[in-house]
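The values are calculated or read from the model by the stated rules, or taken from the named source; none is laboratory data. Since the model is a prediction, treat every value here as computed from it, not as a measurement. No Cβ is skipped: glycine too gets one built from the backbone with ideal geometry, and neighbour counts run over all protein chains shown. We work out accessible area using only protein heavy atoms, side chains counted, and drop any ligands, DNA or RNA first. Shrake-Rupley method; radii C 1.70, N 1.55, O 1.52, S 1.80 Å.
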Amino acid sequence: MIAITEVYIDSLAPNAGAMKNGRDLVKKNSFALLCVTDDGTLLFGDCKGSGSEPYRCSVDFVQEDNPVFRCSCPSRQFPCKHTLGILYAYALGKTFVKAELPQDIADKREKAEKREEKKKEAAAAEANGEGTKPKRKVNKSALIKKMTAQLEGLSLLEKLILQLVHNGLGSLDKKTIQLVEDQAKQLGNYYIPGAQASLRELVLVLQAEADKEKIHAIAIQQLIGLHALVKKGRSYLEQRASDPDLPMDTESALEEQLGHAWQLAELKELGRVKPETELLQLSFLSYIDQARGEYVDAGWWADLRDGAIYVTRNLRPFRAAKSMKEEDTVHGVAGCEELFVYPGDLNARVRWERGRYREVAESDFAQVRTLANGSFTDVLKRVKNSIKNPLSDKNPVMLVAFQAIERIGDTFVLKDAQGKQLVVVANILPAPQPVQTMIPLLQSDDLNDQAALVMFEHDMESGRLAVQLLSIITGSRMIRLLY
Amino acid sequence: MSVDLLLNLQQEVSRLFVAGSAMAEGDLRLDKLLPQLKRLGDSAPVFKRLAEATEGLLTSPRDESPAKLLELATLLSAVLHTQGKTDLPGEPQAFEGFGIALSTGDSFRKLQPLLEALTSKGPGRLEQLRQAYEDRSFLDLRALPSLGRGLDDSYSEIPDFIQDKLFPEVGADAAPVLRGQLNLQGGKGDARRLQLLYQLRGEAALETVLEAANSGSVEPKVAAIGILGAFAEQEPLILDLSREKRKEVRQAAFFALARLGSEQAVDRLFEAVSSKDRELVVEPARQCSSRSLQLRIVAHAADVFDRYLSSEGSMRTEAVQQLHINLRCLEGSGNKVAATAFPLLQRMLSSKAFITTETEAVQEIAAELLLELNLYEADHFALELQHEHKNKFIGFSFRSAYKLLTPAELFHRFAGELKGRSASARELQRALRGIVSGQLKSDEDEWREPFVPEQAWDPRWRQLFVELDLVDLVCAFTAYSDHGVSNYLASKLAAGVRKEGNEAEILLALHRIGYKYAQDLLMTVLEKESRYMYVLDWRLKPLIAALPKSYIERLRQFAAGLAYESVRNEVTAIVEAIEAAPDHTSEESGTGIWGWIKNKMS
């Protein structure tokens, strides 16, 4: 049986509250019964709840790396605090009584086994070429109808943009902004949620309480982006509407920007699967995307084979957030059988279904160090080339190798071997502490000849391209300046 | 330069976005840039396109202007994005890091709530810090600066916790952060930073401490002086500071001097005792371990007393106040100066001229000090005071008598004085209750029997209390085997003693002596009060738990009638425990099953 440590249980918990509540159950002695089967594959017990009957909960390790949680409580959080509590009780060394496997669990195991077998059979049959799964059929007329609606939506959006530009940002008052907001709501009927969210972003910027000039500068960039989205989107959709057999665009993130939610099956069909990869998370942040109405748990990962920097985005819409798992910082190395890569720019979004995790070793840090790009000139060229596209991600993240972190006045700079600089700014993503506070605390070794994960931003006002330091990776450890 | 031209163009484009593209047609300032763009366009295709787009905007009619402006802006933005500057003017300088070895191993879900608790306001934050302390997640480099800032929190329990629990565990690594945040002109948080710096770095932080003592604002200064009290060589500085303008600073200096205890320090403290700072110096003088200071204060008090006897009016009032100070300075060190102080106290308390209403507070302290001397003669003198000054000091006499006499002698001498409503009877009762409550002191964690030790008192007291109707004392003097008082106590319960709040004691006493209707009475009392009971007396819980199973039905009814849910839950839990308890324990005395229940409910 695998080692059940508190850290492991924490990683299973859907959120910080569940960790605390699970531990509290153990502290308060809420478990009237704690049992373990002879083979150690099943932990089960009774936990006192608010009702008269205790909750019967169990954690099944019949598949070691994929525990099954069962509980009679009505909570929608999964796994619930009771099943987590059992695990904490185990990890904290509470006494578990040896017991027979309960009949209901035995039945459930049997059923699951049968399901598994059926799946295998089906897979085998498919492999043999018999009864191949029918390729996903697309209802063409429905597709055309949808695209027509999308085009209509884009026209509506374009009209709105042109009108805004025609009248000028200076003439905007609360009432007109309200009108734009209403229009954004209306865009919901045209199957372009991505474009709709971008418009909402614009509304949020215009509503913000800040220096007018700053607001205008940002709004102009957003208008440019929206306009580009309308134009690119329209030509793409028109092309596909006239020939529905054309494959979906995977060259850029256009589909996603219009609002398509990629399914793993689609990505697989389009050949966007990277086999057998090992990823190490270099940075993590959970934030709120107000325009899209969701929490975003974002992770930045390095592919330990080729050094590509990918991003994971776990999206938790406000409405469903309570019952969804909050992602957290991952310290181990994730091994993915199949890595699904979304279309995108420098940092493609990725997902994987089942990952095996192993402890990170010093050699992994060393590997990251060797994968880092030591030529700032080269990095800058790639970044500039990417961000000049109005629809591109304006904050690419890169792994660079630096010679030293030094300072000019109060500003820190990264220097590469050729003496080329990257200026460190602090204000792209909200860090736990300002970088000016953190860097001076570090050890001299951390500041010389190491790798760093940096996020770029081009500031239109000053015309400066600067970076935020997300992490420093030395030969023996990682210093995370985000989370 | 072509970049400047681009920036100029960008400015004009931004201006038009704000003003509205409707204003673009033939715009003069934009028009001015056109020739330059065209000229550069001859050699660079990008500029050619920019020139074309600009011209398009300048010449297009109003309704086409938005598209044209966006087209120009898109092109310009793309060009500018390739022109980002990455170098800063100036030569980069290498620097030394502080070399803090703490890791950044906390996960988001651990670190973020901690930082939130440290940087926000609102409830539940201390709980968060406690949890971080428990799971060690505060030991993260990224938490350190916020921990330091948390010392400024206005909810003082948070900075207390950070200062006492968290930073000591971070250790010397925290010093650079604290030093960086320290503002010697700051407030309470900076005082804490200074204390921590000294605690973490010891004498290496002395320079900073001295700076604070010399030129800091009040709070850091006070903290600094507190630290300097440990350094004999800082005596001159502290002496100077004891004459500062702010009284907080002077008092801190007095405390530091008391700690130093040197000759000069004692001189200064003694000087302060009779100066305008005398109120400030009382506490420092009490803490000072120097016997010579106390002896001087006694001698000085004797002089003042003479002055009191020989003066009138305001001089006399002033002498009373000074005596008050002097005697208070001696509180706690009575037996160190016993031999010297006794004659003075004796003189004071036997002097008719001293026993006036004006000096009441001083008399009280003097009598208290007399007992504190712990001197046979002093106790004896206190006993003799019993009938002096209209029995004024009878309480003190009783206390000394308790030390000097056998239980029987004590009863013999004082029993008669307890009767009646005179001031001296009340005084005597107060002294008696004082001794008794000292013997009864108990709390929930440390169980002590709520009655006085039998051998310490004469058994006749109890009957006397029954006669005098002093219920609480009757209870306290009723140990296991006393059946004589059961009727009295039961009748008191029946009469309703709710106002005095003695039921719990009576019930416990009745339970102790094994009164046969005790359980019934318990139920009656509970039922009578069910409507008002908002908290269940913890002393009653073991009694309820000791009820036999036959009471379960009655208890359930009682629980159902309770108005407050929390009490109801408690009672229900006890009832369930009684029900579930193995049969044999329920017949025994309460503690067995109570221990079992407590264990279950914790």
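Among rounded, prolate and oblate, which fits the range A:262-364 when a ≥ b ≥ c are the square roots of the eigenvalues of its C-alpha gyration tensor, a/c under 1.5 means rounded, and a/b larger than b/c means prolate? Judged from the Cα gyration tensor, the range A:262-364 comes out oblate (a/c at least 1.5, b/c at or above a/b). Checking the a/c ratio against 1.5 first, then a/b against b/c, what shape does the Cα gyration tensor give for the range B:2-81? Prolate, since a/c reaches 1.5 and a/b exceeds b/c.
For the range B:160-193, the residues whose amide N sits under 17 Å from a probe point set 7 Å from the Cα of B:E244 along the beta carbon direction are B:183-193. Taking every residue in A:404-410 and counting other chain Cβ atoms within 10 Å of its Cβ, the average works out to 4. Taking every DSSP helix (H) stretch of at least 4 residues in the protein assembly as shown, weighting each as -39,500 (n - 2.57) and dividing the sum by the residue count yields a mean residue ellipticity at 222 nm of -16000 deg cm²/dmol.
Among B:K390, B:K48, what's the order by accessible area (1.4 angstrom probe), most exposed first?
So, going from the largest accessible area down, we get B:K390, B:K48.
Placing A:F402, B:F451 in order of accessible area, with the largest value first and a 1.4 Å probe, yields B:F451, A:F402. Computed over neighbours whose Cβ is under 15 Å from that of A:R200, the net charge equals -3, Lys and Arg +1, Asp and Glu -1. Extending 7 Å from Cα along the Cβ direction at A:S444 and again at A:D24 yields two label points whose distance is 4.9 nm.
Using the Karplus relation 6.51 cos²θ - 1.76 cosθ + 1.60 with θ = phi - 60°, the per-residue 3J(HN,Hα) values for the range B:169-179 come to 7, 5, x, 4, 4, 6, 4, x, 5, 5, 4 Hz, with x marking Gly and Pro. Per-residue surface analysis assigns B:S103 an accessible area of about 60 Å², computed on protein heavy atoms at 1.4 Å probe radius. Would you mind checking A:K231/B:K38; A:K185/A:K394; A:K212/B:K32; A:K48/B:K110; A:K231/B:K68; A:K214/B:K85 for any pair whose Cα atoms are more than 18 angstrom apart? Over 18 Å Cα-Cα: A:K231/B:K38; A:K185/A:K394; A:K212/B:K32; A:K48/B:K110; A:K214/B:K85.
In terms of accessible area, using a 1.4 Å probe and ignoring ligands and nucleic acids, B:H300, A:H82 rank largest first as B:H300, A:H82. For chain A, the longest principal axis of the Cα atoms and the long axis of helix A:81-91 meet at an angle of about 70 degrees. Mind giving me the FRET efficiency for B:E116 and B:V567? R0 is 30 Å, r the Cβ-Cβ distance, nearest 0.05 is fine. After rounding, the FRET efficiency stands at 0.25. Compared with the alpha-carbon gap, the fully stretched path from B:M315 to B:E91 is longer by 73.0 nm at 0.36 nm per residue. Potential lengthening of the chain between B:T59 and B:L34 amounts to 7.8 nm, from the contour at 0.36 nm per residue minus the alpha-carbon distance.
Under 12 Å from the Cβ of A:K108, count the other residues' Cβ atoms, weight Lys and Arg +1, Asp and Glu -1, and hand me the total.
Here the count lands on 0.
The spacing between the range B:178-227 and the range B:63-121, judged by their C-alpha centroids, is 36 Å. The average projected area of the protein assembly as shown, computed from the convex hull of its Cα atoms over all directions, is 61.7 nm². Applying a DSSP loop filter and a limit of 15 other Cβ atoms within 10 Å to the GluC sites (Glu not before Pro) in the range A:198-247 leaves A:E209.
The label-point distance for A:E256 and B:K549, in a model that sets each label 7 Å from Cα toward Cβ, rounds to 6.8 nm. Distance between the pseudo-spin-label points of B:S491 and B:A580 (7 Å out from Cα toward the beta carbon): 4.5 nm.
Against chain A, whose longest principal axis comes from its Cα atoms, helix A:16-27 is set at around 20 degrees. Note on B:V46 and A:K120: with the Förster distance fixed at 45 Å, the Cβ-Cβ geometry gives a FRET efficiency of about 0.15. At the residue level, A:D345 shows approximately 60 square angstrom of accessible surface with a 1.4 angstrom probe and all protein chains present.
Please label the shape of the range B:184-244 as rounded, prolate or oblate, based on the square roots a ≥ b ≥ c of the eigenvalues of the alpha-carbon gyration tensor (a/c under 1.5 means rounded; beyond that, a/b larger than b/c means prolate, else oblate). Since a/c reaches 1.5 but b/c is at least a/b, the shape of the range B:184-244 is classed as oblate. In the range A:6-101, Rg over Rh equals 0.92, where Rg is the alpha-carbon radius of gyration and Rh the Kirkwood radius from pairwise Cα distances. For trypsin sites (Lys or Arg not before Pro), the sites in the range A:113-216 that DSSP calls loop and that have at most 16 other Cβ atoms within 10 Å are A:K135, A:R136, A:K137. The listed peptides B:530-543, B:89-102, ordered by packing as a protection proxy, come out as B:530-543, B:89-102 (highest mean of other Cβ atoms within 10 Å first). When the surface is traced with a 1.4 Å probe over the full set of protein chains, A:L92 keeps roughly 90 Å² accessible.
What is the sum of charges, Lys and Arg at +1 and Asp and Glu at -1, for the other residues whose Cβ falls under 10 Å from the Cβ of A:Q436? With Lys, Arg at +1 and Asp, Glu at -1, the neighbours total 0.
Magnitude of the charge dipole for the range B:353-433, about its Cα centre and with charges confined to Cβ atoms of Lys, Arg (+1) and Asp, Glu (-1), is about 520 debye. Computed from backbone phi with θ = phi - 60° and the Karplus coefficients 6.51, -1.76 and 1.60, the 3J(HN,Hα) list for the range B:531-548 is 6, 9, 6, 9, 8, 8, 4, 5, 6, 7, 4, x, 5, 5, 5, 7, 5, x Hz; x is used for glycine and proline. Using a Förster radius of 56 Å, what is the FRET efficiency between B:Q439 and A:D39 based on their Cβ-Cβ separation? Nearest 0.05, please. Once rounded, the FRET efficiency stands at 0.40. Remark: mean inter-chain Cβ contacts per residue of A:165-178 equal 4, using a 10 Å Cβ-Cβ cutoff to other protein chain atoms.
Our summary gives the range A:213-311 a relative contact order of 15 percent, counting only alpha carbon pairs under 8 angstrom and 6 or more residues apart.
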